[in-house]
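The values are calculated or read from the model by the stated rules, or taken from the named source; none is laboratory data. What you are looking at is a predicted structure, and each value in this text was computed from that prediction instead of being measured. Note that we place each Cβ from the backbone using ideal geometry, even for glycine, and neighbour counts take in every protein chain shown. These accessible areas exclude ligands, DNA and RNA; they are computed on the full protein's heavy atoms, side chains included. Shrake-Rupley method; radii C 1.70, N 1.55, O 1.52, S 1.80 Å.
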Amino acid sequence: MRPDDLGIFMAADLLRSGGLVAFPTETVYGLGADVYNESAVAAIFDAKGRPVDNPLIAHVLNISGARECGEWTPLAQILASAFWPGPLTLIVQRKQHVPRIVSAGLSTIAMRAPSHPVARALIAACGFPIAAPSANRSGRPSPTTAAHVMDDLAGRIPLILDGGPCEVGLESTVVDATGMCPMVLRPGAITPQMLATVAGECQVADSVMRQLEEGEYAPSPGMRHKHYAPTARLTLVEGEDEDVKRVLMTLAKGQRDTWVLALDQELSHTEGLRFKSLGKDAGEAAHRLFYLLRQADEEGVERIFVKALSPEGVGLAVMNRLARASGFDIIHATEAYKESEGRI
Ligand code: AMP
Ligand code: MG
């Protein structure tokens, strides 16, 4: 439905009466419920098929909305003042009156003030924070258009507000703001460098680029699950440009059901590969990645190779999602070439 006055009115009415609504944000589409309505929040887990240990994000209008749900900290104040509204989620201790189910039983709560005008109009019309994870079936790439939400959730939810394609295209940066130093649990468009500029320093959880062991504690529970995955098998290829090219020519040349994703300048002129552009830089790659993964599924692609990006700036977020989408299936091209003694 169009997100005009009537659309917002109907969506807020649904949320007020315990229903679910999918709505656009600047990161990805969210699937929302009244944060204070336990059974409505439980319905989000049902509709998504989401593991019950994977907490949601409370979407608020501003800092005073966040103070309503969480024990605000000086660090949260600094970060929110600099980056809200925007793609930054802050973790602080949860206040007792917020149902445990919102944070999947954790003592903390994740909160974010989105900048998207439709998300903001909806929160304002409701007058309460909206608990919302991404509006996809669990495990699938996050939806960056209303059509993606339809593909995954049609028949399971009563209303989707269609605000067009999402600007960022990747989920928010998740930062633990309970202590003195920001700790990035999930990278996103707000980079560690940007956080360090305002907070003086910034750490990145080592689980960001590593596969968690079975049963290992996950600082950001979403990282534990197979995530962001298309149906096609996805493999990351990293290494020197020439070595990556050699590996791809061996594995993907002439394969009709195989796509090769890379930044524009890197492989676009290579003949025989079904090249799909991730754009000119990491920011564009963030914007296009989930869209391309879903398009690959639609076109029945069976195999996707992605040339690794440099994990700097937004590149860290893109690589974090790709590593998980691949189930950590990563070819180290330069080593592979050396081991093959130049035969590739
Ligand atoms: P989604 O919006 O679908 O990406 O889901 C929200 C993500 O935020 C979860 O997968 C978690 O990784 C993260 N998150 C939410 N609440 C917390 C929390 N209290 N502590 C750490 N991470 C959280
Ligand atoms: Mg999600």
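Values computed for the structure shown
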{"item": "Relative packing of 194-202, 256-264, which averages over residues the other C-beta atoms within 10 Å, highest first", "result": "256-264, 194-202"}
{"item": "Cα long-axis angle, helix 5-16 against the chain (0 to 90 degrees, to the nearest 10)", "result": "80"}
{"item": "Value of [θ]222 nm, deg cm²/dmol, for the chain, DSSP H segments ≥ 4, -39500 (n - 2.57) each, nearest 500", "result": "-10000 deg cm²/dmol"}
{"item": "Net length gained if the chain between L212 and D281 were fully extended (0.36 nm per residue, minus Cα distance)", "result": "22.0 nm"}
{"item": "Relative contact order (%) - the chain, alpha-carbon pairs under 8 angstrom, separation at least six", "result": "18"}
{"item": "Positive dipole terminus of the chain, leading residue within T258, A282, G127 (C-beta point charges)", "result": "G127"}
{"item": "Region 49-128: antiparallel DSSP beta bridges as a percent of all, rounded to 5", "result": "65"}
{"item": "Fraction of beta bridges assigned by DSSP in the chain that are antiparallel (%, nearest 5)", "result": "40"}
{"item": "Fraction of accessible area attributable to carbon and sulfur, region 91-177 (%, probe 1.4 Å)", "result": "52"}
{"item": "Accessible surface, the chain, averaged per residue in Å² (probe 1.4 Å)", "result": "42"}
{"item": "Accessible carbon and sulfur surface of region 192-344 relative to its total accessible area, %, 1.4 Å", "result": "46"}
{"item": "Linear extension gain, D241 paired with S81, 0.36 nm per residue minus alpha-carbon span", "result": "53.5 nm"}
{"item": "Contact order relative to length of region 239-344, as percent, for alpha carbon pairs under 8 angstrom and 6 or more apart", "result": "32"}
{"item": "0 to 90° range, to nearest 10: angle between helix 74-83 axis and the chain longest Cα axis", "result": "70"}
{"item": "Cα-based reach from K245 at 18 Å (exclusive), listing aspartates and glutamates while leaving out same-chain residues under 8 positions away", "result": "D264, E266, E271, D329, E335, E339, E341"}
